[in-house]
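The values are calculated or read from the model by the stated rules, or taken from the named source; none is laboratory data. Keep in mind that what you see is a predicted model, and the values were worked out from it rather than measured. Positions of Cβ are backbone-derived with ideal geometry, glycine not excepted, and every protein chain shown enters the neighbour counts. Accessible surface is based on the protein model in full, side chains and every heavy atom, while ligands, DNA and RNA are left aside. Shrake-Rupley method; radii C 1.70, N 1.55, O 1.52, S 1.80 Å.
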Amino acid sequence: MNATAAVAAAVVPAAGRGERLGPGAPKALRELGGVPLLVHAVRALTRSRAVGLVVVAAPADGVAEVVALLDSHGLEGKDIRVVAGGATRQESVRLGLAAIPAEVGIVLVHDAARPLVPVEVVDAVASAVRAGAEAVVPAVPLADTVKRVEPVSGGPEPVLDTPDRSTLRAVQTPQGFRRDTLAEVHAKALAEEAAAAAGGLPPVTDDAGLVERFGGRVVVVPGHEEAFKVTRPLDLVLAEAVLARRRAADAY
Ligand code: CTP
Ligand code: MG
């Protein structure tokens, strides 16, 4: 068998602005422990023996900057490519996927905004795809009770119902896919958008959601609390604390 076929490639969407994090550089370039979130995320992927190539979808006006950044953080020895991302996360993933050589059969998609994902999660997702699943998501149980509401800006919002929490999971990345499945659902989503047929459908916020939309089968493997997404300022405080704890543990 071709060696490339057995090894997975990872797409890292990193082209978002990070509006919810507040004013500043694009989120992927913001620092955690003195190192950009993107560099943490790429390192987390390259630590996995399952990953042979990483394609970063950078902000369209920041490709050269991202290339320089990855070089200056000691990632030169790895197979890392940078492409211009798009206006939405979905578009960024599609553009990253297009840069993956045809012979790569397994693709992971990992948010640049999840810098601290443990390598065990990356390995578990890749092995589940290798074992035959077409789409795999890491997820964790919810701590809070969740209610579905009728959204009203400014509230109060009427509650519709309370889903059984034991059946709910908060989904993380990396999500893993058979490459043909991922390419097919992205192509279909694009065609749907072009036909403006997606107007009435709710937005899909992850890649596995696209697989579900087009009738594919998605399975969940255990995620990790440290794979959380840096979204709001408090998440960065938590991430700094987790990193400091890791660095202290490594010093012993
Ligand atoms: N992303 C991307 N291209 C976009 C939008 C988002 O590649 N046009 C990426 C982000 O860089 C991030 C991941 O998708 O790594 C998850 O998105 P999110 O957490 O929403 O990041 P942002 O879109 O940057 O943040 P916000 O929604 O607060 O602006
Ligand atoms: Mg966003």
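What number do you get for the chain when its Cα radius of gyration is normalised by 2.2 N^0.38 Å, N = residues?
1.02
The residue 252 and residue 79 beta-carbon pair, evaluated with R₀ = 45 Å, returns a calculated FRET efficiency of approximately 0.85.
Please list, or write none, the lysines whose alpha carbon is within less than 19 Å of the alpha carbon of residue 27, excluding same-chain residues fewer than 8 places away. Partners within reach: 229. Between residue 142 and residue 68, the modelled label-to-label distance comes to 4.5 nm, taking each label 7 Å out from Cα in the direction of the beta carbon. At a 1.4 Å probe radius, carbon and sulfur cover how many percent of the accessible area of the chain? The value for the chain is 55 percent carbon and sulfur by accessible area.
The mean sequence separation of alpha-carbon pairs under 8 Å and at least six residues apart, normalised by the residue count of the range 167-237, gives a relative contact order of 37 percent. Cα centroids of the range 169-230 and the range 62-103: 20 Å apart. Largest to smallest in accessible area, the residues 92, 166 fall in the order 166, 92 (1.4 Å probe, all protein chains included). Largest to smallest in accessible area, the residues 43, 94 fall in the order 43, 94 (1.4 Å probe, all protein chains included).
Provide Rg over Rh for the range 133-214; use the alpha carbon set for both Rg and the Kirkwood Rh (inverse mean inverse pair distance). Write out the running numbers ahead of the final one.
On the way: Rg = 15.9 Å, Rh = 15.2 Å.
For the range 133-214, the value is 1.05.
Which whole-number percent of Cα pairs in the range 1-145 have a distance greater than 28 Å?
On the way: 1686 of 10440 pairs.
Distances greater than 28 Å cover 16 percent of the Cα pairs.
Between residue 234 and residue 119, the modelled labels are 3.3 nm apart [label points 7 Å from Cα along Cα→Cβ]. In the complete set of protein chains, residue-level accessible area for residue 180 is approximately 80 Å², probe 1.4 angstrom. Distance from the Cα centroid of the range 5-49 to that of the range 132-158 is 24 Å (rounded to whole angstrom).
A probe of 1.4 angstrom, applied to the heavy atoms of all protein chains, finds residue 160 with accessible area near 90 square angstrom.
Multiplying the residue separation of residue 219 and residue 131 by 0.36 nm and removing their Cα-Cα distance gives an extension gain of 30.5 nm. Ranked by solvent-accessible area (1.4 Å probe, protein heavy atoms only, all chains present), the residues 188, 229 order from largest to smallest as 188, 229. Among the protein heavy atoms, those of residue 19 account for about 150 Å² of accessible surface (1.4 Å probe, every chain in place).
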